[in-house]
Amino acid sequence: MPRILITGTSSGFGRATALHFLDRGWEVLATMRSPSADGWPADPRLRLMALDVTEPDGIAAAVAAAGPLDALVNNAGVGMLNVLEGAEIDRARALFDINVLGTMAMTRAVMPGMRAAGGGVIVNISSAVTLTALPALSVYSASKAAVNAFTESLALEAAPFGIRLRLVLPGSAPDTAFGRNAVARMGMEIPESHASFMQDSLRTLRAAPERTLPQDVALAVWRAVTDDRAPMRLPAGADALALARAAGLAA
Ligand SMILES: NC(=O)c1ccc[n+]([C@@H]2O[C@H](COP(=O)([O-])OP(=O)(O)OC[C@H]3O[C@@H](n4cnc5c(N)ncnc54)[C@H](OP(=O)(O)O)[C@@H]3O)[C@@H](O)[C@H]2O)c1
């Protein structure tokens, strides 16, 4: 039975992706910072595991406990909605620690096992913010652009070992815990100088008519893992698809 490990499954895209793979017969290691069985089906193929992607010892322990993996999904991430002058550098550093270095550390931890097994797939959850410039998202967009560059370069050195890397680029999903978590963890103190810019930015961001659903992301990850002809960057959600078409990345 194929086995997948997914980070950040306490809510949103990670949880939807875990349930999707479980429904399709995979063994799923659903990892989260504070595991809770709430809302999860009782299924012997599902293992809930503690994992904070910023803790090296915890990563090593979780990967060792997981055993051989066919796929890894680096989904854990946090947002930041602010102008740069309102974004404290310590918070930007913490965001990069989760979104970028967490992705690198998880990937680095699973690669020896995948190499030994002759292959595997690693899917990194990026964002459609890397397809266009959106306001008040400079720090977050930079973190996801870093994930893109990391993934595309690493794909070259992983390919000789049969390891495939792919990117999923979700659009905006107001129904996950993302916005709430971004404000709770990264703050949203807007400098007075930028108050009207921020109001305009929020209007722009909320005006997008088409949205991404967690299921759109689950389906894109499924394709990335199971279809070895899937393109490197897979947009997920109607809004992401529209941006990808405008950027010439999708038909
Ligand atoms: N929602 C959007 O509009 C959107 C759009 C494009 C891309 N994305 C990306 O999609 C991914 C999932 O986002 P989502 O919308 O599903 O948001 P979400 O509901 O907030 O889920 C994010 C998950 O990441 C986990 N996480 C945060 N810090 C972590 C850490 N240090 N170690 C392990 N897990 C950690 C959270 O766990 P806790 O509950 O423990 O905090 C949560 O389970 C993120 O990478 C995000 O950047 C989101």
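The values are calculated or read from the model by the stated rules, or taken from the named source; none is laboratory data. Bear in mind the structure is a predicted one, so any value in this text is a computation, not a measurement. Note that we place each Cβ from the backbone using ideal geometry, even for glycine, and neighbour counts take in every protein chain shown. For the accessible areas, the whole protein counts, side chains as well, though only heavy atoms, and no ligand, DNA or RNA atoms are used. Shrake-Rupley method; radii C 1.70, N 1.55, O 1.52, S 1.80 Å.
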### Task
Compute the distance in nm between two label points, each set 7 Å from the Cα along the Cα-to-Cβ direction, one at ALA60 and one at ALA247.
3.6 nm
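Roughly speaking, to the nearest percent, how much of the range 86-183's 1.4 Å accessible area is carbon and sulfur? Don't skip to the end; give the middle numbers.
Working: 2400 of 4080 Å².
Whole-percent figure for carbon plus sulfur exposure: 59.
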### Task
Sum -39500 (n - 2.57) across every DSSP H segment of at least 4 residues in the chain, then divide by the residue count to get the 222 nm mean residue ellipticity, nearest 500.
-14000 deg cm²/dmol
### Query
Convex hull over the alpha-carbon atoms of the range 169-251: what's its volume per residue in Å³?
121 Å³
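Assigning unit charges at the beta carbon (Lys, Arg +1; Asp, Glu -1) and nothing else, what dipole magnitude in debye, to the nearest 20, does the chain show about its Cα centre?
The calculation lands at about 520 debye.
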### Summary
Kirkwood-based Rg/Rh on the Cα set of the chain evaluates to 0.96
### Query
Roughly how many Å² is the accessible area per residue of the range 3-246, as a whole number, for a 1.4 Å probe?
46 Å²
## Note on the structure
Plugging the Cβ-Cβ distance of ALA155 and SER193 into 1/(1 + (r/R0)^6) at R0 = 30 Å yields, to the nearest 0.05, a FRET efficiency of 0.10
### Task
For the chain, build the charge dipole from Cβ charges (+1 Lys, Arg; -1 Asp, Glu) around the Cα centre, then report which of VAL83, PRO191, PRO2 sits farthest towards its positive end.
PRO2
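On average, how much area does the Cα convex hull of the range 105-251 cover when viewed from any direction, in nm²? Write out the running numbers ahead of the final one.
Values: hull surface 39.3 nm².
For the Cα atoms of the range 105-251, the hull's average projected area reads 9.8 nm².
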### Query
Which sequence of ASP216, ASP228 reflects their accessible areas, 1.4 Å probe, from the largest down?
ASP228, ASP216
### Query
Fully extended, how many nm does the chain gain between ARG33 and ALA142 (0.36 nm per residue separation, minus their Cα-Cα distance)?
36.8 nm
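Quick check for me: using +1 on Lys/Arg Cβ and -1 on Asp/Glu Cβ, what's the dipole size of the range 44-161 about its Cα centre, in debye to the nearest 20? Intermediate results must be reported in sequence, preceding the final value.
Working: 7 positive and 10 negative charges, 71 e Å.
So the dipole magnitude of the range 44-161 works out to roughly 340 debye.
Want the number for LEU84 to ALA117: 0.36 nm per residue separation, take away the alpha-carbon distance, what's left? Numbers along the way, then the final one.
Numbers: separation 33, 0.36 × 33 = 11.88 nm, distance 4.41 nm.
So the extension gain works out to 7.5 nm.
Give a quick list of trypsin sites (Lys or Arg not before Pro) in the range 172-232 that DSSP marks as loop, anything other than H, G, I, E or B, with at most 14 other Cβ atoms within 10 Å. Don't skip to the end; give the middle numbers.
On the way: sites: ARG180, ARG185, ARG203, ARG206, ARG211, ARG223, ARG229; in loops: ARG211, ARG229.
Here the trypsin sites (Lys or Arg not before Pro) that fit, given the DSSP loop and packing criteria, are ARG229.
With r as the distance between the Cβ atoms of ARG206 and ARG45 and R0 = 35 Å, compute the FRET efficiency 1/(1 + (r/R0)^6) and round to 0.05. Kindly include the intermediate steps, with their values, before the conclusion.
Numbers: r = 39 Å, r/R0 = 1.12.
Computed FRET efficiency for ARG45 and ARG206 comes out at 0.35.
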### Query
What full-extension length gain, to one decimal in nm, is calculated for ARG24 and ARG108 as 0.36 nm per residue of separation minus the Cα-Cα distance?
27.5 nm
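More than 14 angstrom separation, counting every C-alpha pair in the range 76-147; what % is that? Numbers along the way, then the final one.
On the way: 1574 of 2556 pairs.
Above the 14 Å cut-off, the range 76-147 has 62 percent of its Cα pairs.
Nearest 0.05, what FRET efficiency do ARG180 and ARG229 give at R0 = 30 Å with Cβ-Cβ as r? Intermediate values should be presented prior to the final figure.
Working: r = 37 Å, r/R0 = 1.24.
For R0 = 30 Å, the calculated efficiency reads 0.20.
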